Amino acid sequence: MRPRPVALTVNGDPATLLVEPRTHLADALREQLNLTGTHLGCEQGVCGACTLLIDGKPQRACLAFAVDCEGSAVTTIEGFDADPTMAALREAFSAHHALQCGFCTPGMLVTARDVVLRLGEIPEARLREELAGNLCRCTGYVGIVAAVQAVAAGRAPQPAAVPLVPEARRMAQPEAAAPAAAPAPRPAPSGGGNSLTERVAIAAPPDAVWAVLSDLPRLAACLPGAVLDRVEGDRVTGSVAVALGPIRARFAGSGEVALDAAARAGRLRGQGGDAGTGSRAEGEIAWQLLPAPGGSEVEVTLGWRLTGGLAQFNRAGLVRDVVRRVAQDFARNLEALIAGETPPPARPIGVLALLWGILRSRLFRR
Ligand code: FES
Ligand code: FES
């Protein structure tokens, strides 16, 4: 496949990468810009060693395709020299013996800085949850947690924090490469969490789509991995199965549904747990049906908060593509149901399988 140029800003400087569609951002930064502080461990989004900032938000560089970063502002561990929070974290990591081989440290520091700025001083349990997406194989977490706590002590949240870039570099940035404005806040579960919105096209008229969206058993039949056990008034109980590589989880729980037939919108708020991984999830899914050329469109807003063993999948950047694939599967199942066919039986949401599907679709669409 022919490489193509991608223009972006890296650590405040304009840069052009020459990449194939399959090249992930970490490889491009390491091999073309010699920014080897972005480490690669698992290369499947689990260990957090490759964490950096894209447009001010922590992301896995092994899951971000370089071609998707056109116009973005990327900050690697090498780009925080003028950042006082990062300087304080570096000192604290040293003082609290929070690193040994140092392999996890760049990603850990980028995540820690985000936590300190976004949340300020927080209880230790919450801090451990926030750091759960960054794995350290040698130091253990006592020193790391102590170091981050020392820097966060007495701080208030600073949600709009972006990395400091030296003034000369900032002025040299092309306008289009400036950090993107913060997105409008979306509904998220109480107590913090993540949210994202996706739109999915359905090749069927709005009346037919609403007939399914307002009928909970039929709606559940279209959702990959979902099983609805009982509907009593506006209360539902059921489960969602998830397969994360070797990890199998089934979140069983209950929720409340609200449907607005006039607005053709609905909302489900619920919570559940998986005994196997000791994880708990709470969340809200809101859907809005809209007419569209050639059929309908459903806008889905998902807000969630995970605790326990699967907390590393809390970050929106990590799950956005997965949710997009789930939405596509949902649309296909819904179209099949409207056409009188039977949707396939509920299967676990296989994240790694979905990631392969995402990769394959990206490879073949170019
Ligand atoms: S290398 Fe492990 S998350 Fe990217
Ligand atoms: S210090 Fe070695 S992996 Fe964390």
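The values are calculated or read from the model by the stated rules, or taken from the named source; none is laboratory data. Quick caveat: nothing in here was measured; it's all calculated off a predicted structure. Virtual Cβ from ideal backbone geometry, glycine too; neighbours counted across all protein chains shown.
Of these, 28, 112, which one is closer than 30 Å to residue 155 by Cβ, more than 11 Å from ligand 1 (Cβ to nearest atom) and among the hydrophobic types (A, V, I, L, M, F, W, C)?
None of the other options fit; the residue is 112.
Answer with yes or no whether residue 110 is touching a residue at least 24 places away in the same chain (Cβ under 8 Å) and crowded, with 22+ Cβ neighbours inside 10 Å.
When the stated conditions are applied, residue 110 passes them.
Of the residues in segment 88-107, how many are within 16 Å of ligand 2 (Cβ to nearest atom), farther than 24 Å from residue 23 by Cα and not aliphatic (A, V, I, L, M)?
Count: 8.
Just to be sure I understand, how many residues within segment 31-61 are more than 8 Å from ligand 1 (Cβ to nearest atom), touching a residue at least 60 places away in the same chain (Cβ under 8 Å) and either hydrophobic (A, V, I, L, M, F, W, C) or in contact with a strand residue (DSSP E or B) (Cβ under 6 Å, 6 or more places away or on another chain) (or both)?
5
Please pick out the residue among 94, 72 that is more than 13 Å from ligand 1 (Cβ to nearest atom) and more than 19 Å from the chain's Cα centre (by Cα).
One residue alone meets the criteria, 94.
Residues checked against (1) more than 19 Å from residue 36 (Cβ to Cβ); (2) touching a His at 6+ places or on another chain (Cβ under 8 Å); (3) in a helix (DSSP H, G or I):
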residue	(1), (2), (3)
67	yes, no, yes
102	no, no, no
106	no, yes, yes
113	yes, no, yes
118	yes, no, yes
122	yes, no, no
147	yes, yes, yes
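Evaluate the following for residue 85: is it assigned to a loop (DSSP other than H, G, I, E, B), out of contact with any strand residue (DSSP E or B) (no Cβ under 7 Å at 6 or more places or on another chain) and away from ligand 2 (no atom under 12 Å from the Cβ)?
Here the answer is no, as residue 85 does not meet what is asked.
Does residue 41 meet the test of being modelled with pLDDT of 95 or more, outside the structural domain of residue 146 (by TED's automatic domain parsing) and not charged (D, E, K, R)?
Here the answer is no, as residue 41 does not meet what is asked.
Out of curiosity, is residue 148 more than 27 Å from residue 8 (Cβ to Cβ), crowded, with 23+ Cβ neighbours inside 10 Å, within 15 Å of ligand 2 (Cβ to nearest atom) and not assigned by TED's automatic domain parsing to the domain that holds residue 31?
yes
One residue is enough: does segment 27-47 have a residue meeting the conditions buried (at least 18 other Cβ atoms within 10 Å of the Cβ), on the phi > 0 side of the Ramachandran plot and touching a helix residue (DSSP H, G or I) at 6+ places or on another chain (Cβ under 9 Å)?
Yes, segment 27-47 contains a residue that is buried (at least 18 other Cβ atoms within 10 Å of the Cβ), on the phi > 0 side of the Ramachandran plot and touching a helix residue (DSSP H, G or I) at 6+ places or on another chain (Cβ under 9 Å).
Taking the criterion of being at pLDDT 80 or above, surrounded by 17 or more Cβ atoms within 10 Å (Cβ to Cβ), in contact with a strand residue (DSSP E or B) (Cβ under 9 Å, 6 or more places away or on another chain) and closer than 20 Å to residue 242 by Cα, would at least one residue in segment 293-312 satisfy it?
There is at least one residue in segment 293-312 that is at pLDDT 80 or above, surrounded by 17 or more Cβ atoms within 10 Å (Cβ to Cβ), in contact with a strand residue (DSSP E or B) (Cβ under 9 Å, 6 or more places away or on another chain) and closer than 20 Å to residue 242 by Cα.
Out of curiosity, is residue 219 at pLDDT below 90, of a type in the set (A, V, I, L, M), assigned by TED's automatic domain parsing to the domain that holds residue 298 and more than 30 Å from residue 129 (Cα to Cα)?
yes
Which count do you get for residues in segment 113-129 that are without any contact (Cβ under 8 Å) to a residue 24 or more places away in the chain and either within 9 Å of ligand 2 (Cβ to nearest atom) or under 17 Å from the mean Cα position of the chain (by Cα) (or both)?
Matching residues across segment 113-129 total 0.
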